[in-house]
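Engineer: Just passing along the structure, written as structure tokens.
Since every read-out is calculated from the coordinates, none of them should be taken as a lab result. Here the structure is a predicted model, which is why all the values come from computation and not from measurement. Positions of Cβ are backbone-derived with ideal geometry, glycine not excepted, and every protein chain shown enters the neighbour counts.
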């Protein structure tokens, strides 16, 4: 049985309640609108504000999950100015070396919490405490502008990603065109050579040495070396003619 | 334009259309080589990636194809589990099972990929003359399926004017410019001996159930015996060890004696690339000669103890009414095959024995030339021991020789020579 997001959040709430920590609403913390979707649960522990972000996906392969978790940690790093601690919460089945690299969490300072199917919660990697920037004095106008800027940045990031994909597809098309060009060049050269040899002699000759079963068939420069002088040309051309 | 070639009184003409639109296809177990007239073919791996319709990639990327083939496949590979589930290698020892629908779908996609890659824009283009090469032991249903696939692709894209299928050994003989010969093709799991005299002599074809895999198996046993048993599960590693230390002995008894006398000279050491692991056979380095010997004479009594300990013994095979032992000495198998041909043809066949396939690509290091030999010399010696003077050679261009033979076949066979199931030759047409 796998855990869905709602179950994980419910288990987290129970965990928080048992420790007498206070749950906060999103409106009670200073957080730009564009980042609110990253946070699933906010808790106050004394003066500290702690963010929890839950990741639970349909069944994916380990490399896909690994990539997804990296992206999530990268996104969560944006929250470190607004909370004292930030945790990524994952189903326990994701906590294995083929998926997770603890060093990335430590480098970014994001903590990791695992949730078992029976609701057991474990702090796998502690979060590094951050200095929360005080936004109390920040005017609503500034907050609005920052939020707009962040939205703009995220749109630009999206556009860059789209362009990156486009560019890589253009590069692969160019490679394939280059291959075709090389072939065309070779073909042109061989046609040129063929025209040259046809001008000199319209009739080519073949010499057979029956003792060696070797045939010398000169068919000009137009055909590759393995076709020229090949006794099978004559042998195969006789197929169906009286055999 | 027609190029006329005269041969005494025989004249052949090669149509310009055929020069331009002859097409060769070599369906190897691991690679598919294809292309029109050129010095070399294009190559892709003979495999396809089945797209999982429930996958995120399928839903997000808007993929419309069910099977991916060609260089694109590597972009879809994920975990090992994905590879095992979705990556299909359609052939096993050159054969596709009759009812393996997924495998046949991969063959269809690969064939389509090859033909469409070279589809010209020339308005005079009416389709390629395609010669496809299959294993000499390919059953009749494979021929039928292959014809159906080409017909279907032509109906969809108009790229096949006519198609024919030839056995790979015949293609090798054509590429080697040899009309009368015996082609011995040895791949990973199978060795085919095919006498050819203008036509493949189908009643004399022997297919042995052994190949490079036997040399791999003995290498794995040697590694186990010398304390490297933990490495034998990596098939690729075992193959690398085989290729690095395996030698074909001129005479096995003599080679073992010399290797035991002069242990340092014959010491087999292999450093596994990009790892700190070093394999050192030490005093057992004489065993390196067993790796080469088993390809030619798995019946040697020295291998009995390995068979008893569980190393698979090659399965027996059938030639007409006769049962041929899987472990038969390769020279004896060649003789048995030749004996199925007319008596007066046999000396001509022995004049040219052509070895092709990866299982004959053995190196002979300069310092061991007194004791080790290449595959051609080994077979020549084994035949000599049986009072047969033979000329044995390795294919000059083992990678491309089958494809080259297909191109010559496509160029030369007359357009009006139509397919006959009795002769198993000719152009198969539908329009």
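Engineer: Angle check, please: helix B:212-225 long axis (alpha carbons) against the longest principal axis of chain B (alpha carbons), in degrees 0 to 90, nearest 10.
Structural biologist: 30 degrees
Engineer: Between residue B:99 and residue B:345, what FRET efficiency comes out of the Förster formula 1/(1 + (r/R0)^6) with R0 = 30 Å and r the beta carbon distance, rounded to 0.05?
Structural biologist: In this case the efficiency is close to 0.15.
Engineer: Rank by packing, highest mean first: peptides B:380-391, A:164-175, with packing defined as the count of other Cβ atoms within 10 Å averaged across residues.
Structural biologist: B:380-391, A:164-175
Engineer: Working from Cα positions, state the angle (0 to 90°, nearest 10) between the long axis of helix B:330-339 and the longest principal axis of chain B.
Structural biologist: 50 degrees
Engineer: Can you tell me the order of B:236-242, B:330-336 when each peptide is scored by its average per-residue count of other Cβ atoms within 10 angstrom, highest first?
Structural biologist: In decreasing order of mean packing, B:236-242, B:330-336 become B:330-336, B:236-242.
Engineer: When you count, for each residue, the other Cβ atoms within 10 Å and take the mean per peptide, how do A:94-102, A:38-46 rank with the highest first?
Structural biologist: A:38-46, A:94-102
Engineer: Which stretch or stretches of region B:236-268 have amide N atoms under 19 Å from the point lying 7 Å from residue B:367's Cα along the Cα→Cβ direction?
Structural biologist: The answer is B:241-250, B:255-268.
Engineer: So, one more: Which residue fluctuates most in the GNM of chain B (Cα springs below 10 Å): B:188, B:233, B:348?
Structural biologist: Ranking B:188, B:233, B:348 by mean-square fluctuation puts B:233 first.
Engineer: Using Cα pairs closer than 8 Å and at least 6 residues apart in sequence, work out the relative contact order for region A:1-113, in percent.
Structural biologist: The normalised contact order for region A:1-113 reaches 24 percent.
Engineer: What is the antiparallel percent of DSSP beta bridges lying wholly in region B:206-394, to the nearest 5?
Structural biologist: Expressed as a percentage, antiparallel bridges in region B:206-394 total about 75.
Engineer: Let me ask something additional. Answer rounded, prolate or oblate for region B:291-431, using the Cα gyration tensor with square roots of eigenvalues a ≥ b ≥ c: rounded when a/c is under 1.5, else prolate when a/b is larger than b/c, else oblate.
Structural biologist: prolate
Engineer: What is the average number of partner chain Cβ atoms found within 10 Å of a Cβ in B:256-267?
Structural biologist: The mean count of partner-chain Cβ atoms within 10 Å per residue comes to 0.
Engineer: Here is a further query. Cα atoms only: what Rg and Dmax, in Å, come out for the protein assembly as shown?
Structural biologist: 33.3, 107
Engineer: Additional query: In percent, what relative contact order does region B:206-394 have, based on Cα pairs under 8 Å that are 6 or more apart in sequence?
Structural biologist: 24 percent
Engineer: Set the Förster distance to 60 Å, then compute FRET efficiency between residue B:254 and residue B:424 from the Cβ-Cβ distance, nearest 0.05.
Structural biologist: About 0.85, to the nearest 0.05.
Engineer: Let me ask something else about it. Specify whether the C-alpha gyration tensor of chain B places it in the rounded, prolate or oblate class, a ≥ b ≥ c being the square roots of the eigenvalues: rounded for a/c under 1.5, otherwise prolate if a/b is larger than b/c and oblate if not.
Structural biologist: oblate
Engineer: Further, regarding this structure: Looking at region A:26-92, send over the antiparallel percent of its DSSP beta bridges, to the nearest 5.
Structural biologist: 50 percent
Engineer: Same structure again: With an 8 Å cut-off on Cα pairs and a minimum separation of 6 or more residues, tell me the relative contact order of chain B in percent.
Structural biologist: The value is 18 percent.
Engineer: So how far, in whole Å, is the C-alpha centre of region A:29-46 from the one of region B:144-215?
Structural biologist: Between the Cα centres of region A:29-46 and region B:144-215 lies a distance of 69 Å.
Engineer: If each residue of separation counts as 0.36 nm, what is the full-extension length gain between residue B:198 and residue B:231 once their alpha-carbon separation is subtracted?
Structural biologist: Between residue B:198 and residue B:231, full extension yields 7.1 nm more.
Engineer: Still on this structure, I have one more. When DSSP assigns beta bridges and you keep just the ones with both residues in the protein assembly as shown, what percent turn out antiparallel, to the nearest 5?
Structural biologist: Once the DSSP bridges in the protein assembly as shown are tallied, antiparallel ones form about 65 percent.
Engineer: Something else about it: Measuring from label point to label point, each 7 Å out along Cα→Cβ, what is the residue A:187 to residue B:316 span in nm?
Structural biologist: 5.5 nm
Engineer: Separation between the residue A:96 and residue B:240 pseudo-spin-labels, each 7 Å from Cα along Cα→Cβ, expressed in nm?
Structural biologist: Spacing of the two 7 Å Cα→Cβ label points: 2.6 nm.
Engineer: Let me ask something else about it. For labels at residue A:30 and residue A:17 in the simple 7 Å Cα→Cβ model, what's the distance in nm?
Structural biologist: 3.2 nm
Engineer: Once you order the gyration tensor axes a ≥ b ≥ c over the Cα atoms, which shape class does region A:59-98 get: rounded for a/c under 1.5, otherwise prolate or oblate by comparing a/b with b/c?
Structural biologist: prolate
Engineer: Another one. Based on the inverse mean of 1/r over its pairs of different Cα atoms, what is the Kirkwood hydrodynamic radius of region B:206-394, in Å?
Structural biologist: Radius from the Kirkwood sum: 17.5 Å.
Engineer: Would you calculate a helix-derived [θ] at 222 nm for chain B, using -39,500 (n - 2.57) for each DSSP H run of n ≥ 4 and dividing by the full residue count, to the nearest 500?
Structural biologist: -10500 deg cm²/dmol
Engineer: Taking the 0 to 90 degree range and rounding to the nearest ten, how far is the long axis of helix B:375-385 tilted relative to the main principal axis of chain B, both from C-alpha atoms?
Structural biologist: 70 degrees
Engineer: Looking only at other chains, what is the average number of their beta-carbon atoms within 10 angstrom of each beta-carbon in B:175-183?
Structural biologist: Counting Cβ atoms of other protein chains within 10 Å of each residue's Cβ and averaging gives 4.
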